[in-house]
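Everything on this sheet refers to the single structure shown next.
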Amino acid sequence: MKTSSFNYHLPQNSIAQTPVEPRDSSRLLVLHRESGKIEHRHFSDIGDYLQPNDLLVVNQTRVIPARIFARKETGGKMELLLLRQEDELTWRTLVGGKGLKAGKKIILDNAPNAEILKVLEGAQRLIRFDEPIEPFFSQIGNVPLPPYIHAKLEDPERYQTVYAKEPGSAAAPTAGLHFTPRLLSELNAKGVNRAEVTLHVGLDTFAPVTEDDVEEHHIHTEWCQVTPETAQKITNAKQAGGRVVAVGTTSVRTLESASQTGATLPTSGATSLFILPGYEFQSVDIMITNFHLPKSTLLMLVSAFAEREMILNAYETAIREGYRFYSFGDAMIII
């Protein structure tokens, strides 16, 4: 399976730089898998495609202010991007700067200093702080927006979902950014139930696949959790004739990681599930998602849920119709 099969051309002006207000006023492309039919709606209309007993599954992760400015012992400036916490003091980190070998000290102003423990792949390093860094986030941390967003984010909460609870992500589960408390209340009144999973998103989610052969790509590992309560809600929804509606590719990966035996079971730990065309979905019936980068594992995942040609056609249609792409862009629901 060739990586080039998941490529498409996106004009630069199609990349959304700022979020729309209100959140649910974003556009919604509706893709019907069986017929290939496409509809153009707004996200606030999403209840028209959901039914009583359907279960909306959201990723409740919260983005941490993981971008930190620091300096070397020699005084040179450097930047840290905390990717994943390994223990109370140790973090897998993307480090900007030269000569950053194991044993080098990292100096932070008004916060605990750190030391590089190990050189990992590329610019990643394993670093250990002198004391827990989380209490200092409000003083030194910045929201790590994706590299294709160049506009200043006036309100950091706009890069959080309204239901974000569990801190740990370096990036937002962006399909959930479209929901408002009012819309969630309307869906609940209609009989659409809700359940939460957690997957802490790493920045590798934005990285394109560089190998010519897709199956040679080593997908990023992320921590996820499905609680016993959520697993039971999924079982109940299926038994009642409802559908599991996954909000975002992160929810999809979490649910499918917990459903490899056929039934969705409670789980907690790392997942490296790589979903490619040909994959048989065990849990997810409907997917709500944003528009993804060319050659990305996320585009491959949605191409597994619907046919690749159908997805690429929907993307071409969206570009032609002026949809906004990526994190602050519009959404699609695949039924």
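The values are calculated or read from the model by the stated rules, or taken from the named source; none is laboratory data. Since this is a predicted model, take the numbers as computed values, not measurements. No Cβ is skipped: glycine too gets one built from the backbone with ideal geometry, and neighbour counts run over all protein chains shown.
Table: residues versus (1) buried (at least 24 other Cβ atoms within 10 Å of the Cβ); (2) among the hydrophobic types (A, V, I, L, M, F, W, C); (3) in contact (Cβ under 8 Å) with a residue 12 or more places away in the chain.
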{"site": "GLN232", "(1), (2), (3)": "no, no, no"}
{"site": "GLY242", "(1), (2), (3)": "no, no, yes"}
{"site": "GLY248", "(1), (2), (3)": "yes, no, yes"}
{"site": "THR254", "(1), (2), (3)": "yes, no, yes"}
{"site": "GLY262", "(1), (2), (3)": "no, no, yes"}
{"site": "LEU273", "(1), (2), (3)": "no, yes, yes"}
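Just need a number here: residues in the range 96-128 that are at pLDDT below 90 and aliphatic (A, V, I, L, M).
Result for the range 96-128: 2.
Which condition breaks for ILE46 when tested against (1) farther than 24 Å from HIS178 by Cα; (2) surrounded by 20 or more Cβ atoms within 10 Å (Cβ to Cβ)?
Here ILE46 clears every test but (1).
Inside the range 20-43, can you point out the residues that are more than 20 Å from the chain's Cα centre (by Cα) and either assigned to a loop (DSSP other than H, G, I, E, B) or at pLDDT below 95 (or both)?
Once the filter is applied, which keeps residues that are more than 20 Å from the chain's Cα centre (by Cα) and either assigned to a loop (DSSP other than H, G, I, E, B) or at pLDDT below 95 (or both), the range 20-43 yields GLU21, PRO22, HIS32, ARG33, GLU34, SER35, GLY36, LYS37.
Can you name the strands (runs of 3 or more DSSP E) wholly within the range 82-191 that have at least 1 residues being outside the structural domain of ILE46 (by TED's automatic domain parsing)?
Numbers: elements: 90-96, 105-107, 114-119, 124-129, 166-169.
Result: 90-96, 105-107, 114-119, 124-129.
Hey, could you check the range 58-81 for residues that are outside any strand (DSSP E or B) and of a type in the set (S, T, N, Q) and say which is farthest from the chain's Cα centre (by Cα)? It would help to see each step written out before you state the result.
Looking only at the range 58-81, we keep the residues that are outside any strand (DSSP E or B), and these are 60, 64-66, 73-76.
Okay, now just the ones that are also of a type in the set (S, T, N, Q), so 60, 74.
Numbers: GLN60: 11, THR74: 37 Å.
That would be THR74.
Working only within the range 110-129, note down all residues that are in contact with a Lys or Arg (Cβ under 8 Å, 6 or more places away or on another chain) and of a type in the set (Asp, Glu). Explain how you work it out, then say what you get.
Let us first name the residues in the range 110-129 that are in contact with a Lys or Arg (Cβ under 8 Å, 6 or more places away or on another chain), namely 113-120, 124-126.
Correct list: GLU115 only.
If you take just the strands (runs of 3 or more DSSP E) that sit entirely in the range 253-335, which of them hold at least 3 residues that are of a type in the set (A, V, I, L, M, F, W, C)? Even if it seems obvious, please write down each step before you answer.
Numbers: elements: 267-271, 286-290, 331-334.
By residue number, 286-290, 331-334.
Residue check: is GLU34 free of Cβ contacts under 8 Å to residues at least 60 places away in the same chain, over 28 Å from SER283 (Cα atoms), assigned by TED's automatic domain parsing to the domain that holds ASP213 and out of contact with any Ser or Thr (no Cβ under 8 Å at 6 or more places or on another chain)? Outline the logic, then answer.
Numbers: free of Cβ contacts under 8 Å to residues at least 60 places away in the same chain: yes; over 28 Å from SER283 (Cα atoms): no; assigned by TED's automatic domain parsing to the domain that holds ASP213: yes; out of contact with any Ser or Thr (no Cβ under 8 Å at 6 or more places or on another chain): yes.
Criteria not met by GLU34.
Collect the residues in the range 127-167 that are of a type outside the set (A, V, I, L, M, F, W, C) and within 21 Å of GLY96 (Cα to Cα), keeping them in residue-number order.
Looking only at the range 127-167, we keep the residues that are of a type outside the set (A, V, I, L, M, F, W, C), and these are 128, 130-132, 134-135, 138-139, 141-142, 144, 146-148, 150, 152, 154-161, 163, 165-167.
Passing the criteria: ARG128, ASP130, GLU134, GLN139, GLY141, ASN142, PRO144, PRO146, PRO147, TYR148, HIS150, LYS152.
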